[in-house]
Amino acid sequence: MADLAHYENKKTTFKQRVQLWLLRHTLSTITTVLGIILTLIIVVTHCLIVLVINKRITYLDMYLPLISTTVFLPCLVVVVNFLYGSIERDREELHSLQKKESALKNSLARTYITIINQREKNCTLSKDHAKLRGTLDSVIEKRNEAETKLDEQVSFFSATIELSPDIIIYRNLEGKIIGCNDNLLRLLGAKSREEVVQLLNSNAQLKSQFFQNDEAVIASRSDCMYETTINGIVYQMRKRPAITPKGAMTAIITYGHDITKLKNEQDLLEKTSREKSTFISTLSHELRTPLNGIVGLSDILLQNGHFHGLDERHLKAINVSAVTLGNIFNDVIDLNKMERRTFVVTEEPVKWPDFIDDLETLATLMTEQKNLSFTFKKSGEIPALIETDPTRLRQILWNLIGNATKFTKKGGVTVEVHNQIVGEQVKVSFVISDTGIGIPQEEHDKIFGLYYQVAGTKQSTGTGIGLHVTRNYVDAFHGTIELESEVGKGTTFTLHFTFAIVPEKHVEEETVNRALRVLLVEDVDLNILVAKTMLEKLGHIVSVAKTGKETLEIFKNGTFDLVLLDMQLPDMNGLQIADHLIADYHSTVPMIALTANVVNTNQVYTDHHIEGVMSKPLTASKLAATLKQYQGKN
Ligand code: ADP
């Protein structure tokens, strides 16, 4: 290639030379001819002038201009030749430079050829060349690898998009659709991407379903998610900005995942859950009314002390069985709340010595039914009033004492309550032990699971939900529960809690014992009988209203210290009555809900200015403890 250039150079020089030669001689000839013509013009002109002036002409007159012109002419030719000679020299110099340049190029080309040849023949290169070659090779190799990887990624990406069960569409930042997958074409009944573009441009709603929130994604450079229904299919749309490693955003990719089935299942599940809650609340209401009667009336009869011997034992059995049944209802209702994540413990001031005494009474009654020995121990300084959720705490203890009694055939049950006051708090430990069948070590964790019962113990009555609910309660109290058990020897459950102590002055206020004027709002005769009898036995004055309308009338015409409000009346519910009392009469009389349906959260009652909640079945002690809080207030 270099030789050819050289040859081309040579060829050019020869051509230029011929041209120069021709130019030079043509110019010489033209100059000579012009000189001759000029000479002749001068001679003729001179002769004519002489002839006019002298009227005659001599040879001298003719030769003189001829000679002078002949001398001038060669001089002119010499000058012209000199000038062109100088131009030619410059040309030659230029040619020589061109030659040198061409030679240099040739030499460089030869060097390149040598290097290439050496590489091809794999000759041994100099150290520097070898290093350079190594670097060059590795750069080329890396580039090849990167290209292969990129190709792989592109084909993988394309395959993923095409095979994806989702619908996928991507657009650039100017809103132009760059691509979409087959699934999207199928969904829209389109044959090509162009058709998809046309469809979306002609249907504003469809376009918005695909591209809504795009601007927000661009602005925030982050993902976004929403649900939309296209052609009857519910899609969960997920958007993601495509950002290069250098941080430049190039496109927005939208994935639509078909969640129709999931949605239907979710709707069904929610409907079932709602129905279950309604069922539980209805059942609870219906069953609690008679249960309330059994617990309340047996309680009253026991307190009257008219029954002795076997009759008294039977009466106690009726009472304990009904309390246990109420306990199971509470577990079921709270389990439902836990499943719906609406379960919360609510704190209220509780007379701690009374609570402990009640626990002893009930545990005594429970163990008596099975002819088991019962030991109750309390230790430490017992504060007068603490903050806790008494219903749930009672529930925990009843579940554990109930199990201890249920799984013990001989021997007995022991309940210990240890109190330790630390500053403004009391650390309380309950230890419930039995000499029953025990629980195998490998079952210790499992028994807290829902519906779990240790194999071989199923012949005993039970639901398998008690311990599960108990552990959830304990967690809600931020307490702990420990289990020690040996098969054939017995079981011990230990609970640890910390409760806040209510300051002393509250207690003093509440120790005043005065008769309260109570408006009892209740429609079921059995419940009225139980509550009225208990209240009157406690020394309170009771007025009864059986409907919402009656309540408002009686309230208007009377003076009351407390309203005990059933939640379900024929014409209104308890919350509506509470609202009326506040709105119509600006009532400041404290209201307490009497409820069989513990599905509502305490917040619902608080929102309607109802101060407390008493769950049915009512017991004399529960009623007395609650009412005492109002006996000191005027
Ligand atoms: P259940 O209604 O069956 O008593 P729980 O959730 O209260 O349901 O208890 C789960 C299981 O744990 C029981 O079925 C029983 O096998 C075992 N269990 C609980 N407490 C005791 C105990 N004190 N002694 C022996 N086994 C017990």
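Read-outs: derived from the displayed coordinates by stated rules, not from any lab. Please read all numbers here as calculations on a predicted model, not as lab measurements. With ideal geometry, Cβ positions are generated from the backbone for all residues, glycine too; neighbour counts draw on all protein chains shown.
Worth a mention:
- Short-range pairs are left out: with C-alpha atoms under 8 Å and at least six residues apart, the relative contact order of the chain is 9 percent.
- Under 12 Å, Cβ to Cβ, from PHE156 - net charge with Lys/Arg +1 and Asp/Glu -1: -2
- Under 21 Å of direct C-alpha separation, and excluding same-chain neighbours fewer than eight residues apart, LYS446 reaches these lysines: LYS406, LYS458, LYS489.
- Residue ranges 268-276, 30-38 sort as 30-38, 268-276 when ordered by packing (mean number of other C-beta atoms within 10 Å per residue, highest first).
- Protection proxy ranking, peptides 369-375, 134-140, average beta carbon neighbours within 10 Å, highest first: 369-375, 134-140
- Spacing of the two label points (7 Å from each Cα toward its C-beta) at LYS378 and GLU194, in nm: 9.0 nm
- Stretch gain in nm, segment LYS276-ALA204, where the contour uses 0.36 nm per residue and the Cα spacing is subtracted: 21.7 nm
- Kirkwood hydrodynamic radius of the stretch 471-623, Cα pairs, Å: 17.9 Å
- Once the Cα atoms are used to define both axes, helix 309-339 deviates from the longest principal axis of the chain by about 10 degrees.
- Given R0 = 60 Å, the distance between the Cβ atoms of ALA583 and ASN172 translates into a calculated FRET efficiency of 0.50.
- Taking a sphere under 15 Å around the Cβ of ARG392 and counting the other residues whose Cβ falls inside, with K and R at +1 and D and E at -1, yields a net charge of -4.
- Counting only alpha carbon atoms, the long axis of helix 59-120 and the longest principal axis of the chain meet at about 30°.
- Relative to the longest principal axis of the Cα atoms of the chain, the long axis of helix 193-202 makes an angle of roughly 60 degrees.
- Translational D in µm²/s for the chain (Stokes-Einstein at 25 °C, 0.890 mPa s, Kirkwood Rh from C-alpha pairs): 68 µm²/s
- Debye intensity ratio in log₁₀ form over the Cα atoms of the stretch 332-490, taken at each q of 0.16 Å⁻¹: -0.99
- Take the Cα of ILE140, step 7 Å toward its Cβ, do the same at HIS418, and the gap between the two points is 8.3 nm.
- Fully extended contour minus Cα-Cα distance, from HIS95 to SER222, at 0.36 nm per residue: 38.9 nm
- All Cα pairs of the stretch 561-627, percent lying beyond 19 Å: 28 percent
- The DSSP beta bridges internal to the chain are antiparallel in roughly 70% of cases.
- Stokes-Einstein diffusion for the stretch 288-339 at 20 °C, viscosity 1.002 mPa s, with a Kirkwood radius from C-alpha pairs, works out to 180 µm²/s.
- Value of relative contact order over the stretch 467-574, rounded to a whole percent, pairs C-alpha under 8 Å and six or more apart: 22 percent
- Violating pairs (Cα-Cα greater than 31 angstrom) within the set LYS239/LYS263; LYS377/LYS409; LYS337/LYS409: LYS337/LYS409
- Judged by the gyration tensor of its Cα atoms, with axes a ≥ b ≥ c, the stretch 401-507 is prolate; a/c meets the 1.5 cut and a/b is the larger of a/b and b/c.
- Placing a label point 7 Å from the Cα of ARG186 along the Cα-to-Cβ direction, the residues of the stretch 231-250 with a backbone N closer than 17 Å are 231-236.
- Neighbourhood net charge (10 Å Cβ-Cβ; Lys/Arg +1, Asp/Glu -1) for PHE307: 0
- Extension gain, LYS105 to MET338, is 74.9 nm, computed as 0.36 nm per intervening residue step minus the present C-alpha separation.
- Divided by 2.2 N^0.38 Å, where N counts the residues, the Cα radius of gyration of the stretch 202-293 comes to 1.84.
- Counting only Cα atoms, the size of the stretch 253-310 along its three principal axes is 82, 18, 17 Å, in decreasing order.
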